[in-house]
Amino acid sequence: MYSYGVLLLQMFTGRRPTDEEFEDGLDLHQFCKIALHKGVMKIIDPHVLEHEEEANDDHRDIHVLELYCKFGLIDDARRLFDGMSERNVFSWTSIMGLYCGLGDYEETIRLFYCMVDRGVRPDHFVFPKVFKACSVFSELSVRDVVIWNSIISACAHNEQGVTALNLLREMVKSKVQPNMVTIVSILPACARLAALQQGKEIHQFIIRNGLDAFNLVIDLYGRCGLVKIARRIFDLMPQRDIVSWNTMIAGYGMHGFGMDAVNLFRRLQCTDLKPNHFTFTSLLSACSHAGLTDEGWKYFKMMKSEYDLDPAIEQYACLVDLLARAGQFEESMEFIKEMPFQPNAVIWGSILGACRIHLNPELAEQAASFLFELEPQNSGNYILLANIYSAVGRWEEAAKVRCLMKERGVSKPPGCSWIAVKRRIHSFIVGDASHPLIEEISCKVESLYSEIKEIGYVPETNFVLQDVEDDEKENSLCGHSEKLAIAFGLISTPSGTPLRIIKNLRVCGDCHSATKFISKVTNREIIMRDCFRFHHFVDGVCSCGDYW
DNA sequence: ATAGGGTTAG
């Protein structure tokens with residue numbers, strides 16, 4: 001038995017305790033739990049635990065192994081595991097969990113076969129790891145809630161949201177009742193996919209079973225574009241903690257409703273809850289998206305003055321974004337120089353994005369050169385710089401950036417937009433003709449074009465990279481995935497219903513402009529989520545104020 | 001003892 005005092009002493013001083021310092025207290029297992037919970041592994045010498053001489057606790061190595069595995073200390077874990085004379089099912093499970101968590105599925109499976117080879121019988125706790133690693137799920141006869149949760153969670157965390165939803169349906173069909181763990185895995189997946197229908201059903205389930213997951217539900221509706229519903233749930237929920245407020249403020253922010261975020265924050269100030277870093281990140285980002293420069297400054301200063309919070313790099317980044325979007329480039333560069341952090345990719349990304357709004361190719365070059373160092377594989381940066389060059393007519397330089405991309409083997413994911421109609425998700429890839437209704441969709445795009453041109457739309461052909469004839473540029477714009485999704489939405493839903501479109505990349509400038517006009521001529525609300533934020537198009541105006 | 005959170009910044 002190890003005493004809590006001994007371990008604390010080792011953690012904080014690194015010296016061995018004297019005899020008097022031994023006390024009864026927590027055992028090693030409990031200590032490991034505390035260490036995991038507090039994330040203090042870094043300040044313990046990991047080898048102290050192993051070199052502890054009192055090895056009469058049979059479970060000691062297993063506990064230490066578990067600790068290493070949970071912290072991802074692969075070398076330490078492997079050394080300990082390989083040197084163990086007796087490996088029971090717990091040690092195998094821990095080490096498999098480590099490789100599985102790191103995404104090394106081959107090693108996970110190899111270990112599984114090793115284990116079986118050595119006559120260790122796998123139990124219910126081993127299989128979830130194996131399932132993550134291979135899809136032998138259907139071969140298992142006993143499927144309890146833990147196994148279902150495990151595979152659903154694995155899918156949800158690995159961008160396999162659709163699979164996760166399908167598995168949930170099967171789970172319910174096979175009469176296994178989802179629980180809170182299922183919900184916390186699946187709801188964020190619905191939010192990411194904007195799978196509104198499925199999300200609503202899970203919301204119903206939460207209510208029926210009296211589960212407490214309202215913060216997730218608020219986030220779900222926010223990310224699906226239904227901010228008002230999110231707010232209603234926020235207002236009606238029995239208990240609001242700081243996360244509820246943060247989530248709601250963030251919801252307003254990502255939709256461009258800056259003043260709603262500010263007003264909600266003011267109400268938060270009247271409660272007993274104390275705003276934290278997340279609160280300010282959401283609030284400042286909301287100010288920045290809505291162009292509320294003065295408010296942004298005010299709340300940034302308020303962090304320290306009223307709440308004694310030192311702004312972290314996230315909040316500095318929001319301020320940089322705020323200034324740069326407002327076109328105050330000198331101030332933002334000055335601010336970067338003076339902040340107590342090394343500027344990271346997000347900060348340079350803000351500058352580069354603002355350079356696209358204000359067409360500043362010189363500063364864009366600077367920001368891009370840092371970004372190419374910091375995240376050489378992020379295609380968005382190359383595209384943005386090339387677009388800025390194109391927009392000011394510097395075609396050769398735009399071409400050069402595209403060459404650079406090719407040289408470095410950076411590939412641009414194709415633009416993809418999707419829309420849910422009657423429980424089905426219809427997705428469109430740029431220039432894609434595979435949809436069964438593609439004829440009608442193309443017709444619709446053409447007729448929309450002539451309608452919106454009549455009321456003043458001018459194609460923004462400078463968003464087309466190729467230096468080609470204008471006709472051709474316009475043609476290529478027509479094939480953009482967001483336009484296809486809008487046209488499909490218009491022909492397949494009753495007039496007057498809002499359209500909710502999701503896009504994988506940043507919305508294109510021409511599509512943004514065209515959608516404003518489309519919302520006017522069709523009298524539809526069009527809600528578009530791109531990879532950064534929402535755009536609400538109503539009657540020819542976008543909630544981003546063309547400020548994105 | 002083993003399934004699991006919430007929201008960060010472009």
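The values are calculated or read from the model by the stated rules, or taken from the named source; none is laboratory data. Note that this is a predicted model, so its numbers are computed, not measured. We place every Cβ from the backbone using ideal geometry, glycine too, and count neighbours over all the protein chains shown. Side chains are part of the model used for accessible areas, which takes the heavy atoms of the whole protein and leaves out ligands, DNA and RNA. Shrake-Rupley method; radii C 1.70, N 1.55, O 1.52, S 1.80 Å.
With the condition kept exactly as written, say whether any residue in the stretch A:143-166 is outside the structural domain of A:Ile186 (by TED's automatic domain parsing) and of a type in the set (Gly, Ala, Ser). No, the stretch A:143-166 has no match at all.
Per the listing A:Lys453, A:Lys406, the residue uniquely exposed (fewer than 12 other Cβ atoms within 10 Å of the Cβ) and part of a helix (DSSP H, G or I) is A:Lys406. Can you spot a residue in the stretch A:346-366 that is among the basic types (Lys, Arg), part of a helix (DSSP H, G or I) and at pLDDT 90 or above? Checked against the condition, which is being among the basic types (Lys, Arg), part of a helix (DSSP H, G or I) and at pLDDT 90 or above, the stretch A:346-366 yields at least one hit. Answer with yes or no whether A:Glu482 is touching a Ser or Thr at 6+ places or on another chain (Cβ under 6 Å), at pLDDT 90 or above and surrounded by 14 or more Cβ atoms within 10 Å (Cβ to Cβ). For A:Glu482, the condition - touching a Ser or Thr at 6+ places or on another chain (Cβ under 6 Å), at pLDDT 90 or above and surrounded by 14 or more Cβ atoms within 10 Å (Cβ to Cβ) - is met. If you go through the stretch A:381-396 and keep only what is open to solvent by 50 Å² or more (accessible area, probe 1.4 Å) and either out of contact with any Asp or Glu (no Cβ under 8 Å at 6 or more places or on another chain) or within 16 Å of DNA strand B (Cβ to nearest atom) (or both), you end up with A:Val392, A:Arg394, A:Glu396. Taking each residue of the stretch A:203-214 that is at negative phi and looking for partners that are part of a loop (DSSP other than H, G, I, E, B) and surrounded by 12 or more Cβ atoms within 10 Å (Cβ to Cβ) with beta-carbon atoms closer than 6 Å, six or more apart or interchain, yields A:Ile206/A:Ala213; A:Phe214/A:Met237.
Table: residues versus (1) among the hydrophobic types (A, V, I, L, M, F, W, C); (2) within 8 Å of DNA strand B (Cβ to nearest atom); (3) within 28 Å of the chain's Cα centre (by Cα).
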position: A:Asp308; (1), (2), (3): no, no, no
position: A:Gln315; (1), (2), (3): no, yes, yes
position: A:Leu319; (1), (2), (3): yes, no, yes
position: A:Ala326; (1), (2), (3): yes, no, yes
position: A:Ser332; (1), (2), (3): no, no, yes
position: A:Glu338; (1), (2), (3): no, no, no
position: A:Asn344; (1), (2), (3): no, yes, yes
position: A:Leu359; (1), (2), (3): yes, no, no
position: A:Gln366; (1), (2), (3): no, no, yes
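Within the stretch A:228-246, the set of residues being among the aliphatic types (A, V, I, L, M), more than 8 Å from DNA strand B (Cβ to nearest atom) and open to solvent by 10 Å² or more (accessible area, probe 1.4 Å) comprises A:Ile229, A:Ile233, A:Leu236, A:Met237. Within the stretch A:207-219, can one find any residue that is in contact with a Cys (Cβ under 6 Å, 6 or more places away or on another chain) and buried (at least 20 other Cβ atoms within 10 Å of the Cβ)? Within the stretch A:207-219, not a single residue is in contact with a Cys (Cβ under 6 Å, 6 or more places away or on another chain) and buried (at least 20 other Cβ atoms within 10 Å of the Cβ). Taking the stretch A:354-367 as the range and being under 17 Å from A:Lys400 (Cα atoms) and touching a residue at least 24 places away in the same chain (Cβ under 8 Å) as the test, the residues that pass are A:Pro361, A:Ala364.
Would you say A:Ser369 is crowded, with 17+ Cβ neighbours inside 10 Å and outside any loop (DSSP other than H, G, I, E, B)? It is false that A:Ser369 is crowded, with 17+ Cβ neighbours inside 10 Å and outside any loop (DSSP other than H, G, I, E, B).
Count of the stretch A:256-293 residues, restricted to those that are assigned to a helix (DSSP H, G or I), open to solvent by 30 Å² or more (accessible area, probe 1.4 Å) and farther than 22 Å from A:Phe532 by Cα, is 4.
Screening A:Ala195 with (1) within 14 Å of DNA strand B (Cβ to nearest atom); (2) open to solvent by less than 20 Å² (accessible area, probe 1.4 Å) gives one miss only, at (1).
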